[in-house]
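Here the structure is laid out as structure tokens; the discussion comes afterwards.
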Amino acid sequence: MLKDVLLPEVSDNIEKGDVVKVLVKIGDSVKLDQPLIELETDKAVFEVPSTEEGIVRELNVKEGESVKIGSVIVRIETSGADSSSDLEAAALPGHMAEPEKSPADAQITSSAKTSAPASQPASKAESEIAESALPLPGSSAPASPSVRRLARELGVEITSVSGSGRGGRITEDDVKAFVKEAMKQGTAVPAAMMQSAARPLPDFSKWGKTREESMSKVRKLTADSMAHAWTTIPMVTQFDKADITSLDEFRKKYSKEVEKQGGKLTVTSILTAVSAMAMKEFPQFNTSLDLPAGKIIYKEYFNIGIAVDTDRGLLVPVIKNVDAKSITEISIEINVLAEKARTKKITPEEMDGGNFTISNLGGIGGTGFTPIVYSPQVAIMGVSRSSWEAVYDGEKFVPKLILPLSLTYDHRIIDGADAARFLRWICDALENPLSIFL
Ligand code: CAO
């Protein structure tokens, strides 16, 4: 049976909206409440959910097009059963106990659910039932669209919220309570920051030619994890410099040997080995914070992520159990994993489980930078380009190869003095490797 899905009434005085994105295509199998399009009105941008379950047979809207309330957006071939009967079955007494507070949201869901045209909006009672009874498919967190939207606006991952409603349903109050608790614990994403990220852009074409490109999955994930880290971790960056004159001689002397075995002896592999040793000396650098439980998790394994620049963006393969590996083995593994990352062969497991990260931009250039901690890790080291500097040895200036290092750390768990000691320890180890055995 072919069924129409209409653009539901969204709010008083709104007669039409612009289609920002079409989220399905002909032939797609859609579930009840699955978002079909993203619609922009004068008031908001939101997803319009499907009122039917089945196969999309007709798509009547295009991106950028203006669509009137009540017009057919898609036609769906259903298996025959009227999905509105499911709604009635779900409308148990008690579901209305916690009415939703957003009439606009309720109208979206209710009129969509009943496939009612704009001129026949469902009653408030029906809309409350529709909102409260329907968990979104494909999600383990039962919550109405308006509650999900609220969570999104507040930067809350809905699956992290415990539902206090019937059957574990998440209510608006649950989301607000979660945010209050997170604010107390210092883990909340400031709402203002999330909102500014969602602010509409000006029309750039007023000033010149533009070009659009969809964000790749890697770019989206990077944006998400960077924004999460930036807005949740109070970070400080410590800088230091290591004299690597002798180390560079050592590196050049043994590089051929390592190369024969398939590795490249660079400052990255040496720093990976040294960082694992430093993490043993300073265990707070090998931790994660469990703030809700009020605990610090100390890890007794030493996995280090290496930031790799690829066509797809930044990827971070992880060298596992670094403390059990020689510098040659580490060099080979960095080579293998970096190559896999660049040729799209890296697996999620090979990027999982890092405790600390090294980001070496020195091969490209730069004198210093402040990397962002890769949550739930608590520190990251930035490596810039080594260069020859005139260093005064007490009697005269002598040329030394100097490596600039930066260390960004989570100040909730690591104190500034410890960060300075940790980075100095690494510099000492590079300058005089025997110091490690003292
Ligand atoms: N100072 C001076 N020279 C450096 C250097 C440094 N800090 N680091 C590397 N080099 C040199 C190497 O010795 C090598 O020189 P040769 O070609 O003469 O041997 C050259 O630069 C290239 O090194 P490499 O990149 O092949 O090897 P690496 O082990 O130093 O780095 C990797 C490996 C994967 C870290 C690197 O290729 C890479 O992708 N870097 C970018 C990381 C990144 O994007 N970070 C940003 C994250 S935040 O956005």
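Work through the residues other than D4 whose Cβ is under 12 Å from its Cβ and net out their charges, Lys, Arg +1 and Asp, Glu -1.
Residues near D4 contribute 0 overall.
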Aspartates and glutamates with Cα under 12 Å of K299, excluding same-chain neighbours fewer than 8 positions away: none
Cα→Cβ-extended label distance, 7 Å offset, between K206 and E259, nm: 5.7 nm
Difference of contour (0.36 nm per residue) and Cα-Cα distance, V336 to F397: 17.9 nm
In Å², nearest 10: area of S386 left accessible to a 1.4 Å probe: 40 Å²
Unit charges at the beta carbon, dipole of the range 332-438: most positive-side option, A338, G382, I413: A338
Dipole magnitude of the range 363-438, debye to nearest 20 (Cβ charges: Lys/Arg +1, Asp/Glu -1, about Cα centre): 160 debye
Sulfur and carbon atoms: percent of accessible area, the range 284-380 [1.4 Å]: 54 percent
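Given the pairs K320/K340; K264/K325; K325/K345; K3/K31; K220/K344; K253/K345, which span a C-alpha to C-alpha distance of over 21 angstrom in this model? Working shown, then result.
Values: K320/K340 16 Å; K264/K325 15 Å; K325/K345 23 Å; K3/K31 13 Å; K220/K344 16 Å; K253/K345 32 Å.
The answer is K325/K345; K253/K345.
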Accessible area, probe 1.4 Å, largest first, for residues K209, K62, K299: K209, K62, K299
Nonlocal amide H pairs with V20, under 5 Å, H built at 1.01 Å: E38, L39, E40, G64
Computed Rg/Rh of the range 313-422, alpha carbon atoms with Kirkwood Rh: 1.03
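About its Cα centre, what dipole magnitude does the range 338-391 give when the only charges are +1 on Lys and Arg Cβ and -1 on Asp and Glu Cβ, stated in debye to the nearest 20?
200 debye
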Simple spin-label estimate for F250 and S288 in nanometres, 7 Å along Cα-Cβ: 3.3 nm
Potential lengthening between D4 and E349 on full extension [0.36 nm per residue; Cα-Cα distance subtracted]: 119.8 nm
Rounded to the nearest 10 Å², the accessible area of Y254 at probe 1.4 Å: 80 Å²
Derived scalar couplings ³J(HN,Hα) [the range 239-244; Karplus, 6.51 cos²θ - 1.76 cosθ + 1.60; whole Hz; x for Gly, Pro]: 10, 8, 9, 10, 7, 10
Simple spin-label estimate for K25 and D311 in nanometres, 7 Å along Cα-Cβ: 2.1 nm
Accessible area (Å², per residue) of the range 331-386, counting only protein heavy atoms and a probe of 1.4 Å: 46 Å²
Rounded, prolate or oblate (a/c below 1.5 giving rounded, otherwise prolate when a/b exceeds b/c) for the range 224-271 by Cα gyration tensor: oblate
Relative contact order, percent, the range 300-438 [alpha-carbon distance under 8 Å, six or more residues apart]: 17 percent
Segment A390-A324, extension gain: residue separation times 0.36 nm, minus the distance between their alpha carbons: 20.0 nm
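The values are calculated or read from the model by the stated rules, or taken from the named source; none is laboratory data. Because the structure is predicted, anything quoted here is derived from the model rather than measured. Neighbour counts are summed over all protein chains in view; Cβ atoms, including those assigned to glycine, are modelled from backbone coordinates with ideal geometry. Heavy atoms of the whole protein, side chains included, go into the accessibility calculation; ligands, DNA and RNA do not. Shrake-Rupley method; radii C 1.70, N 1.55, O 1.52, S 1.80 Å.
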